[in-house]
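Enquirer: Mind looking over this structure? Questions follow.
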Amino acid sequence: MAVADLVAAQRNAGMQATWLTADRYPTFQRDRGLRKSVGSIQPSLAHLHGLWRSPTRIANTLANTGLPLVIAPHGMLNPMALAHSRWKKFFVWHLWESRALSSARCLHALCPAEATAIKSLLPEIPIAVIPNGVALPGRTTGGEPDTPRPPLPWQAFIPADGKILLFLGRFHSGKGITPLLHAWEAVSSEAERHGWWLALVGYGDGGALERQLQTKPVPRCMAFGPVFGSAKEAVLASAKAFVLPSHFEALPMAALEAMAHGLPCLLSSACNLPEAFEHAAALRAEPNPEALAQAMGQLFSLTEQERTAMGESGRALVAQNYSWPQVAAQTLDLYNWILGGGEHPPFVS
């Protein structure tokens, strides 16, 4: 999603941006096919997204042709991310990944914390800090929406007047789902008094979380499969608050989208959005049951006016710092610096 939206924003800014993905080729021809496609386009510069796969396997070969490279790890050099499949990554790092990253003219971090993690491994390469962007949804002027909203995943299970605390994203241990469930159990009586429900909407575990909550129910808590497009917009528009108690992130798109929709947020420090706390757009919710229970208790005690004010602060923050036109303009400044030289942009260290 982030790459697709970035490419669209770059095209809107007048750049000739083409997006190539390796999955269009058979597995045994993947690297060769991708390399040939890049060569046929003859780009001025290549911006590679993600690690450990075909793009970085061919990076050194591309760089040897004189093609300038920008590589965006998207959080994959975070220590906790490196600990996952550690031995595989150790061997791949020494076989080609380190050489690939060292061939880049610049590395692209999504936030200062990611830049710090990258610099500890690759101290000699310039790093640009450019966040992901997010589109601000339009505001309704009252009355019914022009087109009917898709049905909500929880429509048949949760009363229409229930307040939804939404988790939206990948069902992965790094997202803090286990401590979230423990904390929710601890505050479920308080949640019931205030009319709150916890809805987890996502993917990535083959339905294991949905089955777990069916076998061992947690009061006023349900899990659902992923939503996209208008269905995702409906989910965000219908929630009353958002929670993401991650153990690690680069920059979570789900949190930015929630703030864009005016939702007060419960976020961990690892979400790398300190300005959300500074602008009173989020409550701090670290990934342990005690801290999460406390944060949810704070949320339940807020008046509707206080929740609305938090949501408006988040929306203003996104509009100021995370709009796609602004992000596209920063990438253009970065590319022009790499291709033309001169003083580096202020977001490059």
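Enquirer: What's the Kirkwood radius of the range 100-258 in Å, using all Cα pairs? Numbers along the way, then the final one.
Expert: Details: mean 1/r = 0.0556 Å⁻¹.
Computed over Cα pairs of the range 100-258, the Kirkwood hydrodynamic radius comes out at 18.0 Å.
Enquirer: Once R0 is set to 56 Å, what does the formula 1/(1 + (r/R0)^6) return for the Cβ-Cβ distance between SER44 and ASN288, expressed as a FRET efficiency to the nearest 0.05?
Expert: The computed FRET efficiency comes out at 0.70.
Enquirer: Let me ask something else. Starting from the residue with the highest accessible area, list HIS261, HIS182 in decreasing order, probe 1.4 Å.
Expert: Ranking HIS261, HIS182 by accessible area, largest first, yields HIS182, HIS261.
Enquirer: Can you tell me the length gained on complete extension of the stretch ASP205 to SER37, counting 0.36 nm per residue apart and subtracting the Cα distance? Please report the intermediate quantities before stating the final value.
Expert: Working: separation 168, 0.36 × 168 = 60.48 nm, distance 3.33 nm.
That pair, ASP205 and SER37, stretches by 57.2 nm at full extension.
Enquirer: Percent of Cα-Cα pairs more than 14 Å apart in the range 6-76, please.
Expert: Across the range 6-76, Cα pairs with separations above 14 Å total 61 percent.
Enquirer: So how far, in whole Å, is the C-alpha centre of the range 214-271 from the one of the range 11-55?
Expert: 31
Enquirer: In addition: Any idea what the dipole of the range 55-147 comes to, in debye rounded to 20, about its Cα centre with Lys/Arg Cβ at +1 and Asp/Glu Cβ at -1?
Expert: For the range 55-147, the charge dipole is close to 440 debye.
Enquirer: What does the chain give for Rg and for Dmax, in Å, if only its C-alpha atoms count?
Expert: For the chain, the Cα radius of gyration and maximum Cα-Cα distance read 21.5, 65 Å.
Enquirer: Over the range 223-349, with the other protein chains present, what is the accessible area per residue in square angstrom, probe 1.4 angstrom?
Expert: Details: 4980 Å² over 127 residues.
Here the per-residue accessible area is 39 Å².
Enquirer: Can I ask one more? Suppose every Lys and Arg Cβ carries +1 and every Asp and Glu Cβ carries -1, with no other charges. What dipole size does the range 225-349 come out with about its Cα centre, to the nearest 20 debye?
Expert: Using Cβ point charges on Lys, Arg, Asp and Glu, the range 225-349 gives about 260 debye.
Enquirer: Right, something else. Using the alpha carbon gyration tensor of the range 225-298, what are the three equivalent-ellipsoid semi-axes (square root of 5 times each eigenvalue), largest first, in whole Å?
Expert: Value: 20, 13, 13 Å, ordered largest first.
Enquirer: Using only Cα atoms, find the angle between the long axis of helix 304-321 and the longest principal axis of the chain, and express it within 0 to 90 degrees, rounded to the nearest 10.
Expert: 10
Enquirer: Based on Cβ point charges of +1 for Lys and Arg and -1 for Asp and Glu, what charge dipole magnitude is obtained for the chain about its Cα centre, in debye rounded to the nearest 20? Don't skip to the answer; put the middle values down first.
Expert: Working: 28 positive and 26 negative charges, 269 e Å.
With Lys and Arg at +1 and Asp and Glu at -1, about 1300 debye.
Enquirer: So what's the back-of-envelope 222 nm ellipticity for the chain, counting only DSSP H runs of four-plus at -39500 (n - 2.57) apiece and dividing by all residues, rounded to 500?
Expert: -13000 deg cm²/dmol
Enquirer: Calculate how large, on average over all directions, the projected area of the Cα convex hull of the range 24-140 is; give the answer in nm² to one decimal.
Expert: Numbers: hull surface 39.4 nm².
Approximately 9.8 nm², given one-decimal rounding.
Enquirer: Give the longest segment of the chain that steers clear of GluC sites (Glu not before Pro) in DSSP loops with at most 15 neighbouring Cβ atoms within 10 Å, not counting the sites themselves.
Expert: So the longest stretch without any such site is 125-342.
Enquirer: Subtract the Cα-Cα distance of THR27 and ILE125 from 0.36 nm times their separation in residues, and report this length gain in nm to one decimal. Mind showing how you got there, number by number?
Expert: Details: separation 98, 0.36 × 98 = 35.28 nm, distance 3.13 nm.
My answer for the length gained is 32.2 nm.
Enquirer: Still on this structure, please answer the following. I'd like the carbon and sulfur percentage of the solvent accessible area for the chain, probe radius 1.4 Å, heavy atoms only, ligands and nucleic acids excluded.
Expert: 53
Enquirer: Just to verify a number: FRET efficiency for GLN298 and HIS94, C-beta to C-beta distance, R0 = 35 Å, to 0.05? Walk me through the numbers before you get to the answer.
Expert: On the way: r = 47 Å, r/R0 = 1.34.
FRET efficiency, GLN298 to HIS94: 0.15.
Enquirer: Sticking with this one: For the range 169-257, just list the percent of Cα-Cα distances falling in each 10 Å bin from zero outward, please.
Expert: 15, 49, 33, 2
Enquirer: Let me check against my output: what whole-number percent is the relative contact order of the range 149-243, with C-alpha pairs under 8 Å and at least 6 apart?
Expert: 44
Enquirer: Just LEU181, LEU152, LEU62 to compare: in a GNM of the chain, with alpha carbon springs under 10 Å, which one fluctuates most?
Expert: LEU152
Enquirer: Another question, then. How high is the relative contact order of the chain, in percent, counting Cα pairs under 8 Å that sit 6 or more residues apart?
Expert: 18
Enquirer: At a Cα cut-off below 30 Å, give the lysines reachable from LYS163, other chains included and same-chain residues fewer than 8 away excluded.
Expert: Straight-line reach from LYS163, under 30 Å: LYS175, LYS216, LYS232, LYS240.
Enquirer: Mean separation of Cα pairs under 8 Å and 6+ residues apart, divided by the residue count of the range 1-138: what relative contact order is that in percent?
Expert: That works out to 20 percent.
Enquirer: Separate question: Grab the beta carbon distance between GLN16 and GLN326, set R0 = 22 Å, and tell me the FRET efficiency rounded to 0.05. Please report the intermediate quantities before stating the final value.
Expert: Details: r = 20 Å, r/R0 = 0.91.
Using R0 = 22 Å, I get an efficiency of 0.65.
Enquirer: Related question: Taking every DSSP beta bridge with both residues inside the chain, roughly what % is antiparallel (nearest 5)?
Expert: On the way: 1 of 30 bridges.
Just about 5 percent of them are antiparallel.
Enquirer: Let me ask something else. Which three numbers, in whole Å and largest first, are the semi-axes of the equivalent ellipsoid of the range 87-185 derived from its Cα gyration tensor as √(5λ)?
Expert: Over the Cα atoms of the range 87-185, the semi-axes work out to 42, 22, 13 Å.
The values are calculated or read from the model by the stated rules, or taken from the named source; none is laboratory data. As the structure is a computational prediction, the values presented were derived from the model and not from experiment. Methodologically, a virtual Cβ is constructed for each residue, glycine included, from the backbone with ideal geometry; neighbour enumeration extends over all protein chains shown. Side chains are part of the model used for accessible areas, which takes the heavy atoms of the whole protein and leaves out ligands, DNA and RNA. Shrake-Rupley method; radii C 1.70, N 1.55, O 1.52, S 1.80 Å.
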